[in-house]
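Okay, so here's the structure we're looking at.
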Amino acid sequence: MKKQSIILISCDHFEKDLTDDIVKAIVHEFQHPVVFKEYDFEISNFYFPGRRQYDANKILKEVSEMVLPGSFKKIGLFRVDLFIPILTYIFGQAFLNGNTGIVSLHRLRNELYGIKQSKTILNERFKKVVIHEIGHMFGLIHCQNPICVMRSSTYVEDIDQKSQNLCAKCKTEIGIS
């Protein structure tokens, strides 16, 4: 029986080596095929001038309403600063046990924190956040294992400390061996 595809939606421009790397990581972690699609997304509709950020709840809803034939799970990739009303910023968000998620690399950039720019670190962080949000879509909640990708991450240092992989317990919970 053919497994359904996870759709990776580029809602901004991302380098091909980064998206290829993310696709490989998703296939490895979740054992589902991944389809990469570029999408012309009008992001300005979600800008909140009072915060100079973009409303992640509204973006998530918009992505969830995208009709993409054959999509089992879909995750939108962005470059903007995301927020939800109860938090100053977020790296990503997904519907728990749902089919939609979003992530942004904006807050993952070293230079935002006064540190030397690193494309390698940025790409690794972005990949971990994508895998984390897809984990939520598969029904996983935050894990207590300090190196599991499903551990909660409030700061980029939290992301740096964990691996890009699900721990054995999380894999078992979603039926991956």
Top-ranked residue of region 68-94 - restricted to ones that are of a type in the set (A, V, I, L, M, F, W, C), part of a loop (DSSP other than H, G, I, E, B) and touching a strand residue (DSSP E or B) at 6+ places or on another chain (Cβ under 9 Å), ranked as surrounded by the fewest Cβ atoms within 10 Å (Cβ to Cβ): Leu68
Residues being touching a residue at least 24 places away in the same chain (Cβ under 8 Å) and of a type in the set (S, T, N, Q): count how many of those fall in region 121-161. 3
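Which residue is surrounded by the fewest Cβ atoms within 10 Å (Cβ to Cβ), if the candidates are limited to region 95-110 and must be small (Gly, Ala, Ser) and within 10 Å of the chain's Cα centre (by Cα)?
Taking region 95-110 and keeping what is small (Gly, Ala, Ser), we get 98, 101, 104.
Then keep just the ones that are within 10 Å of the chain's Cα centre (by Cα); that gives 101, 104.
On the way: Gly101: 28, Ser104: 26.
So, considering only residues that are small (Gly, Ala, Ser) and within 10 Å of the chain's Cα centre (by Cα), the one surrounded by the fewest Cβ atoms within 10 Å (Cβ to Cβ) is Ser104.
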Hey, Asp55 surrounded by 15 or more Cβ atoms within 10 Å (Cβ to Cβ), of a type in the set (D, E, K, R) and modelled with pLDDT under 95 or not: no
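Here is a yes/no grid of residues against (1) in a loop (DSSP other than H, G, I, E, B); (2) modelled with pLDDT of 95 or more; (3) within 12 Å of the chain's Cα centre (by Cα):
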residue: Leu112; (1), (2), (3): no, no, no
residue: Thr120; (1), (2), (3): no, yes, no
residue: His132; (1), (2), (3): no, yes, yes
residue: Leu140; (1), (2), (3): yes, yes, no
residue: Val149; (1), (2), (3): yes, yes, yes
Subset of region 155-173 (residues that are surrounded by 12 or more Cβ atoms within 10 Å (Cβ to Cβ) and under 24 Å from His106 (Cβ atoms)): Val156, Asp158, Ile159, Asp160, Gln161, Lys162, Ser163, Gln164
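The values are calculated or read from the model by the stated rules, or taken from the named source; none is laboratory data. Note that the structure is a prediction, hence the values are computed from the model and not measured. Glycine also receives a Cβ, built like all others from the backbone with ideal geometry; neighbour counts cover every protein chain displayed.
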